[in-house]
Amino acid sequence: MSKLGSLGARLHRGEISYDFVGKRKIWYGVSILITITAIVGLAVRGLNMGIEFQGGAVFTTPTRMSTSVAQAETYAKDAAGHEAIVQKLGNGSLRIQIAGIETDQSDRIKKELAKDLNLDPEKLAADLVGPSWGEQIANKAWEGLAIFMVLVVIYLAIAFEWRMAIAALVALIHDITITTGIYALVGFEVTPGTVIGLLTILGYSLYDTVVVFDSLKEQTKDITKQTRWTYSDIANRSINGTLVRSINTTVVALLPVAGLLFIGGGFLGAGTLNDISLSLFVGLAAGAYSSIFIATPLVADLKEREPAMKALTKRVLAKRAQAAAGGDSAESPATPGDDAAPAVVGPRNQPESRGRGRGRTSGKRP
(Lines give C-alpha, C1' and ligand atoms only; values in the text may rest on other atoms or scores of the structure.)
Protein backbone atom coordinates (compact mmCIF):
# COMPACT_ATOMS: atom_id res chain seq x y z
CA MET A 1 0.00 0.00 0.00
CA SER A 2 1.27 3.48 -0.85
CA LYS A 3 2.10 5.98 1.86
CA LEU A 4 -0.91 8.12 0.92
CA GLY A 5 -3.20 5.08 0.96
CA SER A 6 -1.83 4.01 4.34
CA LEU A 7 -2.34 7.54 5.66
CA GLY A 8 -5.93 7.56 4.39
CA ALA A 9 -6.66 4.22 6.08
CA ARG A 10 -5.24 5.44 9.38
CA LEU A 11 -7.23 8.67 9.16
CA HIS A 12 -10.40 6.73 8.39
CA ARG A 13 -9.90 4.41 11.35
CA GLY A 14 -9.23 7.36 13.66
CA GLU A 15 -5.71 6.26 14.53
CA ILE A 16 -4.38 9.71 13.61
CA SER A 17 -6.18 12.97 13.03
CA TYR A 18 -5.77 16.71 12.67
CA ASP A 19 -7.94 19.02 14.73
CA PHE A 20 -9.68 20.94 11.94
CA VAL A 21 -12.76 21.77 13.99
CA GLY A 22 -10.81 22.79 17.09
CA LYS A 23 -8.87 25.36 15.05
CA ARG A 24 -11.90 26.67 13.20
CA LYS A 25 -11.32 30.27 14.33
CA ILE A 26 -8.06 30.26 12.36
CA TRP A 27 -9.83 29.04 9.21
CA TYR A 28 -12.64 31.57 9.69
CA GLY A 29 -10.06 34.34 9.96
CA VAL A 30 -8.24 33.22 6.81
CA SER A 31 -11.52 33.00 4.89
CA ILE A 32 -12.65 36.42 6.06
CA LEU A 33 -9.33 37.95 4.97
CA ILE A 34 -9.51 36.33 1.52
CA THR A 35 -13.17 37.31 1.13
CA ILE A 36 -12.48 40.94 2.07
CA THR A 37 -9.66 41.03 -0.50
CA ALA A 38 -12.02 39.66 -3.15
CA ILE A 39 -14.73 42.19 -2.29
CA VAL A 40 -12.23 45.07 -2.44
CA GLY A 41 -11.09 43.85 -5.85
CA LEU A 42 -14.69 43.78 -7.06
CA ALA A 43 -15.37 47.26 -5.68
CA VAL A 44 -12.20 48.87 -7.01
CA ARG A 45 -11.64 47.17 -10.35
CA GLY A 46 -14.98 45.57 -11.11
CA LEU A 47 -15.61 42.74 -13.54
CA ASN A 48 -14.50 42.88 -17.15
CA MET A 49 -17.81 41.89 -18.66
CA GLY A 50 -17.80 40.43 -22.17
CA ILE A 51 -19.93 41.64 -25.01
CA GLU A 52 -22.44 38.87 -24.31
CA PHE A 53 -23.41 40.83 -21.17
CA GLN A 54 -22.93 44.47 -22.16
CA GLY A 55 -23.38 44.38 -25.93
CA GLY A 56 -20.86 45.05 -28.69
CA ALA A 57 -19.38 43.53 -31.80
CA VAL A 58 -16.85 40.85 -32.69
CA PHE A 59 -14.97 41.18 -35.98
CA THR A 60 -13.05 38.20 -37.39
CA THR A 61 -10.46 38.61 -40.13
CA PRO A 62 -9.58 36.04 -42.79
CA THR A 63 -6.79 33.56 -42.13
CA ARG A 64 -3.04 34.27 -42.36
CA MET A 65 -3.14 37.93 -41.42
CA SER A 66 0.22 39.73 -41.39
CA THR A 67 -1.06 42.38 -38.97
CA SER A 68 0.16 41.89 -35.38
CA VAL A 69 -2.10 41.83 -32.35
CA ALA A 70 -0.68 45.14 -31.08
CA GLN A 71 -1.34 46.87 -34.42
CA ALA A 72 -4.89 45.50 -34.54
CA GLU A 73 -5.52 46.78 -31.00
CA THR A 74 -4.41 50.26 -32.08
CA TYR A 75 -6.65 50.20 -35.16
CA ALA A 76 -9.65 49.02 -33.12
CA LYS A 77 -9.07 51.64 -30.42
CA ASP A 78 -8.90 54.41 -33.00
CA ALA A 79 -12.07 53.19 -34.73
CA ALA A 80 -14.15 52.62 -31.57
CA GLY A 81 -12.77 55.36 -29.34
CA HIS A 82 -11.94 52.98 -26.46
CA GLU A 83 -9.99 49.83 -25.68
CA ALA A 84 -10.62 46.63 -27.60
CA ILE A 85 -9.61 43.01 -27.07
CA VAL A 86 -7.70 41.34 -29.92
CA GLN A 87 -6.82 37.63 -29.98
CA LYS A 88 -4.90 35.66 -32.57
CA LEU A 89 -6.64 32.39 -33.37
CA GLY A 90 -5.05 29.10 -34.26
CA ASN A 91 -5.62 29.51 -38.02
CA GLY A 92 -3.80 32.87 -38.05
CA SER A 93 -6.92 35.06 -38.14
CA LEU A 94 -7.61 37.87 -35.68
CA ARG A 95 -10.63 38.15 -33.39
CA ILE A 96 -11.32 41.80 -32.58
CA GLN A 97 -13.83 42.33 -29.78
CA ILE A 98 -15.23 45.79 -29.13
CA ALA A 99 -17.70 46.09 -26.27
CA GLY A 100 -20.15 48.83 -25.42
CA ILE A 101 -21.01 50.00 -28.93
CA GLU A 102 -24.43 50.40 -30.45
CA THR A 103 -25.51 48.32 -33.41
CA ASP A 104 -25.62 51.33 -35.75
CA GLN A 105 -21.96 52.11 -34.93
CA SER A 106 -20.74 48.71 -36.04
CA ASP A 107 -20.96 49.48 -39.78
CA ARG A 108 -18.74 52.55 -39.45
CA ILE A 109 -16.22 50.69 -37.27
CA LYS A 110 -16.20 47.75 -39.68
CA LYS A 111 -15.33 50.00 -42.61
CA GLU A 112 -12.54 51.76 -40.73
CA LEU A 113 -11.06 48.46 -39.54
CA ALA A 114 -11.20 46.98 -43.05
CA LYS A 115 -9.42 50.05 -44.41
CA ASP A 116 -6.67 49.92 -41.75
CA LEU A 117 -6.21 46.17 -42.22
CA ASN A 118 -6.17 46.44 -46.04
CA LEU A 119 -9.20 44.19 -46.34
CA ASP A 120 -12.39 44.13 -48.34
CA PRO A 121 -15.18 45.02 -45.85
CA GLU A 122 -17.13 42.00 -47.06
CA LYS A 123 -14.32 39.70 -45.89
CA LEU A 124 -14.40 41.07 -42.35
CA ALA A 125 -17.00 38.94 -40.53
CA ALA A 126 -19.04 40.74 -37.87
CA ASP A 127 -21.17 39.33 -35.04
CA LEU A 128 -23.30 41.90 -33.23
CA VAL A 129 -24.80 41.74 -29.75
CA GLY A 130 -27.27 44.42 -28.70
CA PRO A 131 -27.01 45.92 -25.18
CA SER A 132 -30.58 44.91 -24.31
CA TRP A 133 -29.92 41.29 -25.27
CA GLY A 134 -26.71 41.28 -23.22
CA GLU A 135 -28.61 42.65 -20.21
CA GLN A 136 -31.16 39.87 -20.55
CA ILE A 137 -28.38 37.26 -20.59
CA ALA A 138 -26.85 38.75 -17.43
CA ASN A 139 -30.23 38.74 -15.65
CA LYS A 140 -30.86 35.13 -16.67
CA ALA A 141 -27.46 34.14 -15.32
CA TRP A 142 -28.20 35.71 -11.92
CA GLU A 143 -31.67 34.12 -11.86
CA GLY A 144 -30.19 30.70 -12.62
CA LEU A 145 -27.64 31.12 -9.84
CA ALA A 146 -30.33 32.15 -7.34
CA ILE A 147 -32.55 29.19 -8.28
CA PHE A 148 -29.58 26.86 -7.90
CA MET A 149 -28.89 28.19 -4.39
CA VAL A 150 -32.53 27.81 -3.31
CA LEU A 151 -32.73 24.24 -4.59
CA VAL A 152 -29.48 23.37 -2.82
CA VAL A 153 -30.79 24.68 0.51
CA ILE A 154 -34.10 22.81 0.12
CA TYR A 155 -32.38 19.55 -0.80
CA LEU A 156 -29.88 19.67 2.06
CA ALA A 157 -32.55 20.66 4.56
CA ILE A 158 -34.59 17.60 3.56
CA ALA A 159 -31.72 15.12 3.16
CA PHE A 160 -29.81 16.27 6.24
CA GLU A 161 -30.97 19.23 8.35
CA TRP A 162 -31.30 22.99 8.11
CA ARG A 163 -27.99 23.66 9.90
CA MET A 164 -26.10 21.70 7.27
CA ALA A 165 -28.05 23.53 4.56
CA ILE A 166 -26.99 26.89 6.00
CA ALA A 167 -23.36 25.78 6.30
CA ALA A 168 -23.32 24.55 2.69
CA LEU A 169 -24.90 27.81 1.49
CA VAL A 170 -22.26 29.86 3.32
CA ALA A 171 -19.54 27.71 1.75
CA LEU A 172 -21.00 28.20 -1.75
CA ILE A 173 -21.25 31.98 -1.30
CA HIS A 174 -17.66 31.89 -0.04
CA ASP A 175 -16.56 30.08 -3.23
CA ILE A 176 -18.46 32.44 -5.56
CA THR A 177 -17.09 35.55 -3.86
CA ILE A 178 -13.49 34.36 -4.04
CA THR A 179 -13.78 33.27 -7.68
CA THR A 180 -15.39 36.52 -8.87
CA GLY A 181 -12.90 38.53 -6.81
CA ILE A 182 -10.01 36.77 -8.53
CA TYR A 183 -11.61 37.59 -11.88
CA ALA A 184 -11.75 41.25 -10.92
CA LEU A 185 -8.13 41.32 -9.71
CA VAL A 186 -6.76 39.44 -12.74
CA GLY A 187 -8.93 41.29 -15.25
CA PHE A 188 -10.03 38.25 -17.26
CA GLU A 189 -13.15 38.70 -19.34
CA VAL A 190 -16.43 37.36 -17.97
CA THR A 191 -18.30 35.38 -20.61
CA PRO A 192 -21.05 32.74 -20.65
CA GLY A 193 -18.19 30.23 -20.32
CA THR A 194 -17.36 31.84 -16.98
CA VAL A 195 -20.93 31.31 -15.78
CA ILE A 196 -20.77 27.66 -16.88
CA GLY A 197 -17.51 27.28 -14.97
CA LEU A 198 -19.04 28.83 -11.84
CA LEU A 199 -22.02 26.48 -11.89
CA THR A 200 -19.67 23.54 -12.45
CA ILE A 201 -17.45 24.34 -9.47
CA LEU A 202 -20.47 24.95 -7.25
CA GLY A 203 -21.70 21.47 -8.04
CA TYR A 204 -18.27 20.06 -7.29
CA SER A 205 -17.98 21.98 -4.02
CA LEU A 206 -21.44 20.80 -3.00
CA TYR A 207 -20.54 17.19 -3.76
CA ASP A 208 -17.39 17.39 -1.63
CA THR A 209 -19.37 18.94 1.23
CA VAL A 210 -22.16 16.36 1.05
CA VAL A 211 -19.62 13.51 1.32
CA VAL A 212 -18.45 14.87 4.68
CA PHE A 213 -22.01 15.64 5.82
CA ASP A 214 -23.13 12.10 5.00
CA SER A 215 -20.33 10.66 7.12
CA LEU A 216 -21.17 13.11 9.92
CA LYS A 217 -24.87 12.24 9.83
CA GLU A 218 -24.11 8.52 10.04
CA GLN A 219 -21.70 8.86 12.94
CA THR A 220 -23.90 11.17 15.04
CA LYS A 221 -26.86 8.80 15.31
CA ASP A 222 -27.80 8.45 18.99
CA ILE A 223 -24.91 10.72 19.91
CA THR A 224 -26.60 11.83 23.16
CA LYS A 225 -26.65 8.23 24.45
CA GLN A 226 -22.89 8.15 24.99
CA THR A 227 -20.47 10.27 26.99
CA ARG A 228 -17.21 9.87 25.13
CA TRP A 229 -17.54 12.18 22.16
CA THR A 230 -18.78 15.72 21.62
CA TYR A 231 -20.34 16.74 18.32
CA SER A 232 -17.14 18.58 17.39
CA ASP A 233 -15.10 15.43 18.02
CA ILE A 234 -17.22 13.42 15.61
CA ALA A 235 -17.26 16.26 13.05
CA ASN A 236 -13.48 16.28 13.18
CA ARG A 237 -13.40 12.49 12.66
CA SER A 238 -15.68 12.89 9.63
CA ILE A 239 -13.34 15.42 8.03
CA ASN A 240 -10.26 13.29 8.70
CA GLY A 241 -12.00 10.16 7.45
CA THR A 242 -12.71 11.74 4.03
CA LEU A 243 -9.62 13.97 3.86
CA VAL A 244 -7.49 11.86 1.52
CA ARG A 245 -10.47 11.26 -0.75
CA SER A 246 -11.08 15.02 -0.98
CA ILE A 247 -7.41 15.69 -1.73
CA ASN A 248 -7.30 13.00 -4.43
CA THR A 249 -10.45 14.17 -6.22
CA THR A 250 -9.33 17.81 -6.05
CA VAL A 251 -5.86 17.09 -7.48
CA VAL A 252 -7.28 14.90 -10.26
CA ALA A 253 -9.78 17.63 -11.17
CA LEU A 254 -7.22 20.46 -11.01
CA LEU A 255 -4.61 18.84 -13.27
CA PRO A 256 -6.53 19.06 -16.59
CA VAL A 257 -7.91 22.49 -15.67
CA ALA A 258 -4.38 23.71 -14.93
CA GLY A 259 -3.37 22.42 -18.35
CA LEU A 260 -6.12 24.50 -19.98
CA LEU A 261 -5.27 27.62 -17.99
CA PHE A 262 -1.48 27.67 -17.91
CA ILE A 263 -0.56 25.73 -21.06
CA GLY A 264 -3.53 26.31 -23.36
CA GLY A 265 -4.34 29.88 -22.30
CA GLY A 266 -0.88 31.01 -21.22
CA PHE A 267 1.86 29.16 -23.10
CA LEU A 268 -0.03 28.41 -26.34
CA GLY A 269 -1.93 31.70 -26.31
CA ALA A 270 -5.45 30.27 -26.63
CA GLY A 271 -7.05 33.17 -24.78
CA THR A 272 -10.57 31.92 -25.40
CA LEU A 273 -9.89 29.18 -22.82
CA ASN A 274 -9.12 31.64 -20.02
CA ASP A 275 -12.71 32.54 -19.20
CA ILE A 276 -13.82 29.04 -18.23
CA SER A 277 -10.47 27.60 -17.09
CA LEU A 278 -9.79 30.33 -14.50
CA SER A 279 -13.23 29.96 -12.93
CA LEU A 280 -12.77 26.18 -12.78
CA PHE A 281 -9.25 26.36 -11.33
CA VAL A 282 -9.99 28.93 -8.62
CA GLY A 283 -13.42 27.48 -7.87
CA LEU A 284 -12.22 23.89 -7.49
CA ALA A 285 -9.49 24.94 -5.08
CA ALA A 286 -11.86 27.19 -3.12
CA GLY A 287 -14.52 24.47 -3.04
CA ALA A 288 -12.14 21.89 -1.60
CA TYR A 289 -11.00 24.41 1.02
CA SER A 290 -14.52 25.43 2.03
CA SER A 291 -15.81 21.86 2.37
CA ILE A 292 -13.02 21.03 4.85
CA PHE A 293 -12.35 24.29 6.67
CA ILE A 294 -15.68 26.14 6.51
CA ALA A 295 -18.78 23.96 6.04
CA THR A 296 -18.21 21.21 8.61
CA PRO A 297 -16.72 23.42 11.36
CA LEU A 298 -19.68 25.78 10.88
CA VAL A 299 -22.12 22.87 11.31
CA ALA A 300 -20.34 21.93 14.55
CA ASP A 301 -20.66 25.54 15.75
CA LEU A 302 -24.39 25.61 15.01
CA LYS A 303 -25.11 22.17 16.47
CA GLU A 304 -23.29 22.80 19.74
CA ARG A 305 -25.57 25.75 20.41
CA GLU A 306 -28.43 23.30 20.97
CA PRO A 307 -29.29 22.60 24.63
CA ALA A 308 -28.93 18.83 24.13
CA MET A 309 -25.46 19.24 22.62
CA LYS A 310 -24.43 21.67 25.35
CA ALA A 311 -25.48 19.12 27.98
CA LEU A 312 -23.61 16.37 26.10
CA THR A 313 -20.44 18.47 25.94
CA LYS A 314 -20.67 19.15 29.65
CA ARG A 315 -21.03 15.43 30.43
CA VAL A 316 -18.16 14.46 28.15
CA LEU A 317 -15.83 17.07 29.62
CA ALA A 318 -16.83 16.08 33.16
CA LYS A 319 -16.10 12.42 32.43
CA ARG A 320 -12.73 13.28 30.90
CA ALA A 321 -11.82 15.43 33.90
CA GLN A 322 -12.81 12.60 36.23
CA ALA A 323 -10.75 10.12 34.22
CA ALA A 324 -7.75 12.46 34.27
CA ALA A 325 -8.05 12.96 38.02
CA GLY A 326 -8.24 9.20 38.53
CA GLY A 327 -5.17 8.60 36.37
CA ASP A 328 -7.03 6.59 33.74
CA SER A 329 -5.32 6.11 30.42
CA ALA A 330 -6.73 7.85 27.35
CA GLU A 331 -8.93 5.69 25.17
CA SER A 332 -9.28 5.72 21.44
CA PRO A 333 -12.40 3.76 20.47
CA ALA A 334 -12.85 2.77 16.87
CA THR A 335 -16.29 4.31 16.55
CA PRO A 336 -18.17 6.99 18.45
CA GLY A 337 -20.62 5.66 20.97
CA ASP A 338 -18.60 2.52 21.52
CA ASP A 339 -18.23 1.98 25.26
CA ALA A 340 -15.80 -0.88 24.96
CA ALA A 341 -13.34 -1.64 27.71
CA PRO A 342 -9.97 0.08 27.67
CA ALA A 343 -7.35 -1.50 25.48
CA VAL A 344 -5.06 -4.00 27.17
CA VAL A 345 -1.48 -2.86 27.45
CA GLY A 346 1.21 -5.45 26.74
CA PRO A 347 1.27 -8.69 24.77
CA ARG A 348 -2.10 -10.23 24.04
CA ASN A 349 -3.29 -13.82 23.59
CA GLN A 350 -0.20 -15.31 25.19
CA PRO A 351 -0.37 -19.15 25.14
CA GLU A 352 -0.59 -20.72 28.54
CA SER A 353 2.11 -23.13 29.73
CA ARG A 354 1.07 -26.66 29.01
CA GLY A 355 1.23 -29.46 31.58
CA ARG A 356 2.30 -27.20 34.39
CA GLY A 357 0.38 -26.51 37.59
CA ARG A 358 -2.80 -28.33 36.68
CA GLY A 359 -4.49 -29.60 39.88
CA ARG A 360 -1.33 -29.97 41.93
CA THR A 361 1.08 -27.89 43.90
CA SER A 362 4.52 -27.07 42.67
CA GLY A 363 7.41 -29.27 43.69
CA LYS A 364 9.16 -32.45 42.67
CA ARG A 365 7.24 -35.42 41.35
CA PRO A 366 6.84 -38.01 44.10
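Say whether the condition of being within 12 Å of the chain's Cα centre (by Cα), closer than 30 Å to LEU47 by Cβ and open to solvent by less than 20 Å² (accessible area, probe 1.4 Å) is met by at least one residue in the stretch 239-249.
Yes, there is a match, as at least one residue in the stretch 239-249 is within 12 Å of the chain's Cα centre (by Cα), closer than 30 Å to LEU47 by Cβ and open to solvent by less than 20 Å² (accessible area, probe 1.4 Å).
Looking at this structure, is ALA126 open to solvent by less than 60 Å² (accessible area, probe 1.4 Å), touching a residue at least 60 places away in the same chain (Cβ under 8 Å) and not in a helix (DSSP H, G or I)?
Judged against the criteria, ALA126 is a match.
Taking PHE59 as the residue in question, decide whether it is open to solvent by less than 40 Å² (accessible area, probe 1.4 Å), in a strand (DSSP E or B) and touching a residue at least 24 places away in the same chain (Cβ under 8 Å).
Yes: the conditions hold for PHE59.
Of the residues ALA114, ALA146, which is among the small types (Gly, Ala, Ser), open to solvent by less than 50 Å² (accessible area, probe 1.4 Å) and part of a helix (DSSP H, G or I)?
ALA114
Inside the stretch 224-252, can you point out the residues that are assigned to a helix (DSSP H, G or I) and under 14 Å from TYR289 (Cα atoms)?
Correct list: ILE239, ASN240, LEU243, VAL244, ARG245, SER246, ILE247, ASN248, THR249, THR250, VAL251.
I want to confirm something. Restricting to the stretch 78-99 and keeping residues that are open to solvent by 40 Å² or more (accessible area, probe 1.4 Å) and over 20 Å from VAL190 (Cβ atoms), which single residue is modelled with the lowest pLDDT?
The extreme case among them is GLY90.
Pairs please, first residue from the stretch 186-199 and assigned to a strand (DSSP E or B), second anywhere and crowded, with 21+ Cβ neighbours inside 10 Å and charged (D, E, K, R), Cβ atoms under 8 Å, 6+ apart in sequence or on different chains.
GLU189/ASP275; VAL190/ASP275
May I ask you to list pairs of residues, at least six apart or on different chains, whose Cβ atoms are under 7 Å apart, with the first in the stretch 136-156 being without any contact (Cβ under 8 Å) to a residue 40 or more places away in the chain and the second being part of a helix (DSSP H, G or I)?
MET149/LEU169; MET149/LEU172; VAL153/ALA165; VAL153/LEU169
If I go through the stretch 156-210 residue by residue, how many of them are buried (at least 23 other Cβ atoms within 10 Å of the Cβ) and of a type in the set (Ser, Thr, Tyr)?
So the count comes out to 5.
So which of LYS140, LYS221 is open to solvent by 60 Å² or more (accessible area, probe 1.4 Å) and outside any helix (DSSP H, G or I)?
Of LYS140, LYS221, the one residue that is open to solvent by 60 Å² or more (accessible area, probe 1.4 Å) and outside any helix (DSSP H, G or I) is LYS221.
With the requirement that a residue be over 24 Å from VAL186 (Cα atoms), surrounded by 13 or more Cβ atoms within 10 Å (Cβ to Cβ) and among the hydrophobic types (A, V, I, L, M, F, W, C), what does the stretch 19-40 give you?
Within the stretch 19-40, PHE20, VAL21, TRP27 meet the criteria.
Just checking, how many residues over the stretch 47-72 are more than 36 Å from the chain's Cα centre (by Cα) and of a type in the set (Asp, Glu)?
Of the residues in that region, 0 qualify.
Kindly indicate whether ILE196 is over 17 Å from VAL21 (Cα atoms), β-branched (Val, Ile, Thr) and modelled with pLDDT under 85.
Judged against the criteria, ILE196 is a match.
Condition first: of a type in the set (Val, Ile, Thr) and either closer than 26 Å to ALA43 by Cα or touching a Phe, Trp or Tyr at 6+ places or on another chain (Cβ under 9 Å) (or both). Now tell me which residues in the stretch 151-165 satisfy that.
VAL153
The values are calculated or read from the model by the stated rules, or taken from the named source; none is laboratory data. Quick caveat: nothing in here was measured; it's all calculated off a predicted structure. In this analysis, Cβ positions are derived from the backbone assuming ideal geometry, glycine residues included, and neighbour counts consider all displayed protein chains. Accessible surface areas use protein heavy atoms only, side chains included; no ligands, DNA or RNA. Shrake-Rupley method; radii C 1.70, N 1.55, O 1.52, S 1.80 Å.
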